[in-house]
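Accompanying notes for the structure given below.
The values are calculated or read from the model by the stated rules, or taken from the named source; none is laboratory data. Here the structure is a predicted model, which means the values were calculated and not measured. Ideal geometry is used to build each Cβ from the backbone, glycine not excepted, and the neighbour counts take in all protein chains shown. Note: accessible area is taken over every heavy atom of the protein model, side chains too, but ligands, DNA and RNA are not part of it. Shrake-Rupley method; radii C 1.70, N 1.55, O 1.52, S 1.80 Å.
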Amino acid sequence: MRSLVIMAVLTVALTGCLNQSEKLLSQTTSMANQVIDALEQTAPPDNGPIEAADLVNGKNDVGHRDFSSAKKVLPRVFAGMEEDFYCGCAYTGKTIDLKSCGYEPRKNRKRAKRLEWEHVVPAWALGHQRQCWQRGGRKNCAANDAVFRMAEGDLNNLVPSVGEVNGDRSNLSYGAWTRNPEPMYGQCKTIVDFQGKRVQPREEVRGRAGRISLYMHERYGLRVSGQDRKLWCAWARTYPADDWELRRDERIIKLQGEGNPLVSNPAELERVCSG
């Protein structure tokens, strides 16, 4: 199917343009891949509409929270495990210790020194297909869509991040394209391809990123390309859950009443990735 689509798009694009440069070929192939991704978009099996849970906001309450309330309990989730997700930087409170990981700001030193809470599956991915987003974006969804509020504050999807990397990542997709990344942030091994609109996280967290991404798409019925699903499953299988991830999951269950079964139950991961 992939080869047929690429051939069809190339044929259309190159008709009457046989003397054009290699740049045209590259752009056309990229366009073909975008068409394929759109065709491959799939959703998890239809188990009916996603029901929003009643949200809690007290620090000692058990249940799902909105994003604002989630940020208040996240320090408890990571107590004793204060390490930024993308670069391995230590942090205290809301301040990143850049020297602890050899981080060099790419552009914004002030934001680089600030801890921010990263949505592994970006808020854009959680909401852009919902009606509320079409009528007013993230702010409108947070105010008026109960399922979005639940997903936006899901503790399973939130990790500490260097503020600058959080900003650079934005809503870009994950990818893996080089074994020898050219440093962008000093000794940090996560890199961002702004032109290609993708992010390659450091190897140490790829399994975590894969399991979180798979969980969120299953839990909230989000559409996903076959290419992304294969990548997340490959990462989740190649890099098993470690003590850090298991401790984090146990704490989330105590606070939210629901963790990520792909972390605690390998059989569940195989079920999700065997399709």
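Residues of the stretch 172-192 that are over 21 Å from ALA234 (Cα atoms) and surrounded by 12 or more Cβ atoms within 10 Å (Cβ to Cβ): PRO183, MET184, TYR185, GLY186, GLN187, CYS188.
Cβ-Cβ distances below 7 Å connect the following pairs, each with a first residue in the stretch 44-59 that is at negative phi, a second residue that is at pLDDT 90 or above and open to solvent by 100 Å² or more (accessible area, probe 1.4 Å), and a separation of six or more residues or different chains: LYS59/LYS72.
Just one residue in the set GLY102, GLY93 is over 16 Å from the mean Cα position of the chain (by Cα) and closer than 24 Å to LEU255 by Cα; that residue is GLY93. When LEU155 is tested against (1) over 23 Å from LEU98 (Cβ atoms); (2) open to solvent by 10 Å² or more (accessible area, probe 1.4 Å), only condition (2) is not met. When the residues of the stretch 79-95 are filtered to those that are touching an Asp or Glu at 6+ places or on another chain (Cβ under 9 Å) and part of a strand (DSSP E or B), which remaining residue is surrounded by the fewest Cβ atoms within 10 Å (Cβ to Cβ)? Once the filter is applied, the top-ranked residue is THR92. Filtering the stretch 212-233 for residues that are touching a Gly at 6+ places or on another chain (Cβ under 6 Å) and without any contact (Cβ under 8 Å) to a residue 60 or more places away in the chain leaves a non-empty set. Scan the stretch 193-248 for residues that are open to solvent by less than 10 Å² (accessible area, probe 1.4 Å) and acidic (Asp, Glu) and the total you get is 1. If the condition is being within 21 Å of the chain's Cα centre (by Cα), without any contact (Cβ under 8 Å) to a residue 40 or more places away in the chain and not in a loop (DSSP other than H, G, I, E, B), then the stretch 105-129 contributes HIS119, GLY127. Residue count for the stretch 55-70, restricted to those that are surrounded by 15 or more Cβ atoms within 10 Å (Cβ to Cβ) and under 25 Å from GLY167 (Cβ atoms): 5.
Checked against the criterion of being touching a helix residue (DSSP H, G or I) at 6+ places or on another chain (Cβ under 8 Å) and more than 27 Å from VAL205 (Cα to Cα), the stretch 147-170 has no qualifying residue. Residue check: ILE252 meets all listed conditions (1) open to solvent by less than 10 Å² (accessible area, probe 1.4 Å); (2) without any contact (Cβ under 8 Å) to a residue 40 or more places away in the chain; (3) closer than 18 Å to GLY63 by Cα but one, namely (2).
If I filter the stretch 96-116 down to residues being crowded, with 20+ Cβ neighbours inside 10 Å and not β-branched (Val, Ile, Thr), which single residue comes out as nearest to VAL205 (Cα to Cα)? Looking at residues that are crowded, with 20+ Cβ neighbours inside 10 Å and not β-branched (Val, Ile, Thr), I get CYS101. Being open to solvent by less than 20 Å² (accessible area, probe 1.4 Å) and more than 30 Å from ILE253 (Cβ to Cβ) is the filter here, so list the residues in the stretch 158-167 that pass it. If the condition is that a residue be open to solvent by less than 20 Å² (accessible area, probe 1.4 Å) and more than 30 Å from ILE253 (Cβ to Cβ), then GLU164 is the only one that fits.
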